[in-house]
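A short reminder: the numbers here are calculations on the coordinates, not readings from a lab. Here the structure is a predicted model, which means the values were calculated and not measured. Note that we place each Cβ from the backbone using ideal geometry, even for glycine, and neighbour counts take in every protein chain shown.
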Amino acid sequence: ACKPGHVMHEKYGCVDQNPPLLRLNNDPNGDQILRLKQGDVYKEYAVEIQDENAEEYLRSLKIAYSQPLPHGCLTKIGEFHVTYTVATPWTSPPYVRVTRRVIIEDIDECNLDVAKYEKTCPELVPQCDLEAGATCVNTIGSYTCRCPKFTSGDGFKSDINFDAVDAPQ
C-alpha cells in the first residue's frame, strides 16, 4: 500500500497522484515575464518545484531557450522564451512545463553612462565623432551619427574599425 497522496504505478511503484507545480523564480508580478534592458546580462533564475509528495529520484528539470543566448550583455531588442520542463513519467502528459517570456527593451544609447557601459557592454557605446561636431541620434534598438550641417560623411569616428565594432541592431 502507498502512503497518503500516492498511488501505485505498475512501472514506478508508489508515486504522487498529483504532478508538481512549477513556480518561476524572480517573477514578482506573477505574469511570467522578465523585463530587461539592452546592456543587461541574462541571469538564469530557473524554477521552484512545489511538490508535497516529491519523487525527486524520478524527475529531471530541462531548461530550453527559444534562441541561443549571447555571451555577455544583451544588445538586441526583442524577446525570447525560456521553457522549464520537469519530467513526471507517471502522469499524462508525462511532464509539467512553464515558460518565461524575456523582453529586452530599448535604451537610449546617446544618453547612457559611457563609463559604466564601456566596462559592461562596450558594443552599445556610441562611436559618433562628437569632437568633429557630429551628433548622436537614438533610434529604436540602436543609434546613428549625424554630421554637422553643410558637411559630409557618416558622423562616425574615423579611427573606428567597423569589422571590430558590432553596433546593435
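For the reader, a short list of remarks on this structure follows.
- With the simple spin-label model, which puts each label point 7 Å out from Cα in the Cβ direction, the PHE150 to ASP27 separation comes to 6.1 nm.
- Computed over the stretch 68-114, the range of Cα coordinates on each principal axis works out to 55, 17, 14 Å, biggest value leading.
- Database remark: amide H of ASP40 closer than 5 angstrom to the amide H of LEU74 (H placed geometrically; neighbours at sequence offset of 5 or more, or on other chains; Pro and chain starts carry no H).
- Sites VAL7 and ILE103 - FRET efficiency at Förster radius 35 Å, r taken between beta-carbons, to 0.05: 0.30
- Considering only MET8, ILE140, ALA115, and ranking their Cα positions along the charge dipole of the chain that arises from unit charges at the beta-carbon of Lys, Arg, Asp and Glu, the one farthest toward the positive end is MET8.
- Charge sum, other residues only, whose C-beta stays under 10 Å from GLN38's C-beta, Lys/Arg counted +1 and Asp/Glu -1: -4
- Cα-centred dipole magnitude for the chain, charges only on beta-carbon of K, R (+1) and D, E (-1), debye, nearest 20: 400
- Amide H contacts under 5 Å for VAL47: ASN25, restricted to partners 5 or more places along the chain or on a different chain, H placed in the peptide plane at 1.01 Å from N.
- Computed over all pairs of different Cα atoms, the Kirkwood value for the hydrodynamic radius of the stretch 34-124 is 15.4 Å.
- Inter-part distance where the stretch 87-111 and the stretch 112-131 are each reduced to a Cα centre, Å: 30
- Proportion of all alpha-carbon pairs of the chain beyond 20 Å (%): 64
- DSSP-defined beta bridges in the chain - what % are antiparallel, rounded to 5: 85
- Pairs beyond 21 Å (Cα-Cα), from LYS37/LYS149; LYS37/LYS116; LYS76/LYS116: LYS37/LYS149
- At a Cβ-Cβ separation cutoff of 4.7 angstrom, cysteine residues of the chain with no neighbouring cysteine are CYS147.
- In this structure, the amide hydrogen of GLU79, modeled 1.01 Å from its nitrogen in the peptide plane, lies closer than 5 angstrom to those of ILE104, counting only residues at least 5 positions away or on a different chain.
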